[in-house]
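Read-outs throughout are calculated quantities, based only on the coordinates presented, and are distinct from any laboratory measurement. All values reported here derive from a predicted model rather than from experimental measurement. With ideal geometry, Cβ positions are generated from the backbone for all residues, glycine too; neighbour counts draw on all protein chains shown.
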Amino acid sequence: MNKKNVYRPLEDYCAGYMRYLGIAKTERRSYAESIRLLREAGFKELDSFKTLKKGDKVYRGYEDRTLMAAVVGSEPIAKAGLKIVGGHTDAPRLDLKPKPLYEKGGYVYFDCHIYGGIKKYQWLVLPLALYGTIVRKDGTKVQVEVGDRPGDPVFMISDILPHLGYDQAKKTRDEFFPAEDLDVLAWTTPAKDGKPEADKSDKAGLVAYLKATYDVTEEDLLSAELEIVPAGMPREVGFDRALIAGYGHDDRVCSFAGLQALLDAADEVPVQTAAILMCDKEEIGSVGSTGMTSSFFENTVAELIERQEKNAKDILVRRALEKSSMLSADVTAVAD
């Protein structure tokens, strides 16, 4: 096998990962793309099975964020346990607050807060994209995706000009740009009379745009989940194209690796049931109903065992977990 052929599988894998990373800009989009790939490989929802036999390919999700998929092994789960690879699909970002629109200095901003660990200076004057879901008063949902498609506008956090930033330059990295000021420029069109006041903009213009484009009101934003992430698709780095630059390596590089490994082995029947776990909320302590502190994982194992055992009891779940092994995978840095 020549050198070119040796690298071909790696090139194919990285191409698939880059496609995934470009789509999975949020944990919800990661969930949706993972489900698509699983279904394409013949996996079915666990709820569609009354019983499980060896070789069955199943998945179970929760709240469009957290996902577990498995290839059922030849040994019962209650007897042999599972082999699991776990990763998380949420990534550091900015979230819009429940009342996100405010006016300042003649402009309209999204009022944001930090989700996860970020270096604040890296988000200044960076092209940003907006993703999320808005729930209308009648309960219907509308998806928002702005910033990554050709021709889309982007969003941005402004910063002071270098020759005006003498005082700012004297501050420490943590002090020079307060977290509360990481707000995103959303609208700049002046008031309808063409004479905006110094500290007032025409927020009504943005509200009207949202109504015309998405059929939502400002009140609907109270029940929205809107996330600000870096705009742009993953790119190869260097003349040799040996590295990948992209948003969300932490930890989609590991969750995708686990997913791809399960897909590659999906047509083989393992002895122990092989599973992947793709979770949410790791960046803020794995809290909430979609984080690892929830009971989603244990409940899913119980659902699997209930379809294999006639008299499924809680002790069988506990024994299965005791006999299981798990690789908890998280990202590392290639340099620095």
Item to complete: Determine, from the Cβ-Cβ distance of LYS50 and SER286 and an R0 of 41 Å, the FRET efficiency 1/(1 + (r/R0)^6), rounded to the nearest 0.05.
Response: 0.80
Response to the item:
Helix 3-23: inclination vs the chain longest Cα principal axis, degrees, rounded to 10, gives 60 degrees
Fill in: Theoretical gain in end-to-end length, ARG318 to ILE160 [0.36 nm per residue, Cα-Cα removed]
51.2 nm
Response to the item:
For the chain, the dipole about the Cα centre with charges only on Cβ (Lys and Arg +1, Asp and Glu -1), to the nearest 20 debye, works out at 980 debye
Discussion item. In whole Hz and in residue order, list the ³J(HN,Hα) couplings for region 204-210 that follow from phi through the Karplus curve 6.51 cos²θ - 1.76 cosθ + 1.60, θ = phi - 60°; x for Gly and Pro.
Written reply: 4, x, 5, 4, 5, 5, 4
Response to the item:
From fewest to most C-beta neighbours within 10 Å, the residues ASP280, ASP174, ASP159, ASP240 line up as ASP240, ASP174, ASP159, ASP280
Discussion item. Per q in 0.21 Å⁻¹, report the Debye log10 I(q)/I(0) for region 73-125, using one uniform scatterer on each alpha carbon and no solvent.
Written reply: -0.91
Worksheet item: So what's the back-of-envelope 222 nm ellipticity for the chain, counting only DSSP H runs of four-plus at -39500 (n - 2.57) apiece and dividing by all residues, rounded to 500?
Response: -8500 deg cm²/dmol
Worksheet item: Could you list log10 I(q)/I(0) for region 281-321 at q = 0.18, 0.22 Å⁻¹, which the Debye formula gives when each Cα is one point scatterer?
Response: -0.54, -0.68
Practice prompt. Compute the normalised compactness of the chain: alpha-carbon radius of gyration over 2.2 N^0.38 Å, N being the residue count.
Written response: 1.17
Worksheet, complete the sentence: In nm, the gap between the two label points placed 7 Å beyond Cα toward Cβ at VAL135 and LYS170 is 4.9 nm
Fill in: Estimated Rh, region 204-336: Kirkwood, alpha-carbon pairs, angstrom
19.4 Å
Item to complete: Just the number, please: Stokes-Einstein D of region 201-241 in µm²/s, Kirkwood Rh from C-alpha pairs, 10 °C, 1.306 mPa s.
Response: 119 µm²/s
Worksheet item: Out of LEU46, LEU161, LEU21, any idea which swings most in a Gaussian network model of the chain, alpha carbons joined below 10 Å?
Response: LEU161
Discussion item. For the pair ARG39/ASP152, report the inter-label distance in nm, with labels modelled 7 Å from Cα in the Cβ direction.
Written reply: 2.2 nm
Response to the item:
Per the 1/(1 + (r/R0)^6) rule, R0 = 45 Å and r from the Cβ atoms of GLU218 and VAL6, FRET efficiency to 0.05 is 0.20
Worksheet item: Given labels modelled 7 Å from the Cα in the Cβ direction, how far is it in nm from ASN299 to ALA245?
Response: 4.2 nm
Worksheet item: In straight Cα distance, which lysines are under 17 Å from LYS310, not counting same-chain residues fewer than 8 positions off?
Response: LYS50, LYS53, LYS54, LYS79
Item to complete: Quick one, can you get me the convex hull of the C-alpha atoms of region 253-315 expressed as volume per residue in Å³?
Response: 105 Å³
Worksheet item: For region 93-235, what is one quarter of the convex hull surface built on the Cα atoms, given in nm²?
Response: 10.4 nm²
Practice prompt. Report, for the chain, the % of DSSP beta bridges that are antiparallel, rounded to 5.
Written response: 75 percent
